Amino acid sequence: MNKFLLFLTGCISPVLLWAVSLDIETVEKRDFKAGEEIVFTVCAKDDAGKKLVSGSFDLEIKDSGRVLIETRKINLAEKGNPFSFTTRLDRPGFVFVSSPGYVDSDGKKEKWAMKPFYPYGGAAVEPEKIIAGTERPEDFDRFWQEGIKAFESAEVTVEALENIKRDGYKVSRVTVKFPDGSGAITGFLSIPEKPGKYPALAAVPGAGPGSVSPQPYWSSPVPAIELWMNVHLFPTADNAAEQSRRYRKYNESFPGKAYYLHNAGNRDEYIYRKVWLALNRAMDFVAELPEFDGRHFAITGNSQGGGTALAVGSLNKNVTCIVASVAALCDHGGWKMNRMPGWPMLYFNCKKVDVEKSYPYFDGVNFAVNIHVPVLMSAGFVDTTCFPSSVFAAYNKIPSKNKRLYRMYRYGHRTAPEFPAEVREFLAKELTR
């Protein structure tokens with residue numbers, strides 16, 4: 001996960017920037033039926049963008065990232081470039097095509113470049129029929145309502161920040177202390193300077209160090225009160241370097257060196273329980289502000305933030321719409337259905353801990369059934385962090401009559417250039433209706 005985040009921030013080596021590249025895509029950009037023939041095209045290019053005429057590589061074709069369907073050995077001198085091949089999937093899920101690397105005519109091995117597109121291909125097969133692998137506990141709602149009740153007494157403090165400027169907004173530091181004294185989360189509250197009544201928006205960042213900026217990943221396209229909270233139990237720093245230092249120290253304090261796996265086998269102590277309850281409490285605090293219009297409250301997020309948007313969006317009584325892009329924390333039990341679950345893949349990453357009894361309480365598929373407000377989601381068809389099947393497993397459980405999932409056919413765990421406009425249009429409508 002951390003290596004992937006480094007890639008997103010541009011910290012990649014020149015070798016990857018100029019290596020050979022592989023384009024894999026379906027001829028038709030649509031959903032397919034089970035058993036239907038799917039045609040993929042493949043084109044391999046050198047570092048100058050010219051089509052390779054020699055060399056070889058393997059193509060691995062999998063069902064939902066988990067089950068190997070077949071491996072094809074490709075010799076470009078014999079096959080030609082570009083070329084096409086067909087495959088099919090006999091059940092709802094995703095066809096995932098990848099290649100471990102390229103071998104030139106002299107036997108030299110190279111990794112495929114990660115730009116402009118990942119060297120993967122994906123196709124959806126009746127994704128609306130994907131059934132979640134996680135069963136909903138009978139006491140799921142009671143578990144979370146008891147938590148919300150306990151956090152009604154959580155102290156929320158707001159401190160004006162003179163050193164952080166945001167045009168048109170007054171920015172404050174927000175701290176929510178856990179009622180049992182075990183910690184707190186911190187973040188930012190931005191309120192428009194112009195007097196009036198405004199919609200509100202809440203969010204948390206994707207996995208990683210967190211944010212030292214007061215503006216959410218998916219911000220409001222109209223003036224709004226914005227609550228942007230980090231999930232870590234250390235105070236938000238004043239600059240990115242210090243935030244990263246605190247994050248490294250924080251992660252090192254856990255046995256698994258990863259905050260998102262901490263206490264995953266204990267439903268009462270898993271890291272997201274108190275964080276989500278604290279965020280819910282902060283949102284209730286915002287809803288009581290005199291500047292809130294009392295009618296429009298969005299929760300948005302990407303990856304970890306997307307999973308949080310589904311979870312807290314289903315819990316908070318003030319929420320009127322949700323944006324959850326490439327949502328994490330979905331379909332933890334997907335492995336039971338021979339699919340890859342979404343990040344943080346608790347079953348695979350917590351082998352020494354019994355997480356099967358705890359992870360259903362933190363699964364987007366189980367929060368989804370309580371979502372009745374408008375929802376916009378996205379899924380990357382070649383996302384190997386939050387597999388598209390895991391996102392659809394949650395999406396399919398949402399009973400809202402106003403829901404949409406934006407398909408990013410050639411993208412992995414990042415945003416297609418067209419999707420931000422979709423988010424802005426959605427939020428502009430839902431926060432002013």
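General observations
- Computed FRET value (nearest 0.05) for Ala240 with Ala416, which takes r as the C-beta separation and R₀ as 35 Å: 0.85
- For the chain: relative contact order, % (alpha-carbon pairs under 8 angstrom, 6 or more apart): 14 percent
- At q = 0.11, 0.19, 0.21, 0.24 Å⁻¹ the log10 of I(q)/I(0) for the range 217-312 amounts to -0.40, -1.07, -1.22, -1.37, computed by Debye summation with a single uniform scatterer per C-alpha, solvent ignored.
- Euclidean distance between Cα centres, the range 323-394 to the range 107-123, Å: 26 Å
- For the range 364-433, the relative contact order works out to 38 percent when only alpha carbon pairs closer than 8 Å and six or more residues apart are counted.
- Span from the the range 21-85 Cα centroid across to the the range 142-177 one, whole angstrom: 49 Å
- Calculated accessible area for the range 18-171 comes out at 54 Å² per residue, all protein chains present (probe 1.4 Å; ligands, DNA, RNA ignored).
- In the range 206-365, lysine pairs with alpha-carbon atoms under 28 angstrom apart (chain gap of 8 or more, or interchain): 18
- Dimensions of the chain along the principal axes, based on C-alpha atoms and rounded to the nearest Å, stand at 70, 47, 47, largest first.
- Accessible area per residue for the range 242-302, computed on protein heavy atoms with a 1.4 Å probe, is 41 Å².
- Here the chain exposes an accessible surface that is 50 percent carbon and sulfur, computed with a 1.4 Å probe and the other protein chains kept in place.
- Along principal axes, Cα extents of the range 87-207, largest first, whole Å: 65, 46, 34
- Rel. contact order, % - alpha carbon contacts under 8 angstrom, at least six apart, the range 301-433: 25 percent
The values are calculated or read from the model by the stated rules, or taken from the named source; none is laboratory data. It should be emphasised that the depicted structure is a prediction, and the values quoted were computed from it without experimental measurement. A quick note on method: Cβ atoms are made from the backbone with ideal geometry, for glycine too, and the neighbour counts reach across all protein chains shown. To get the accessible areas, we keep the full protein, side chains included, count just its heavy atoms, and leave off ligands, DNA and RNA. Shrake-Rupley method; radii C 1.70, N 1.55, O 1.52, S 1.80 Å.
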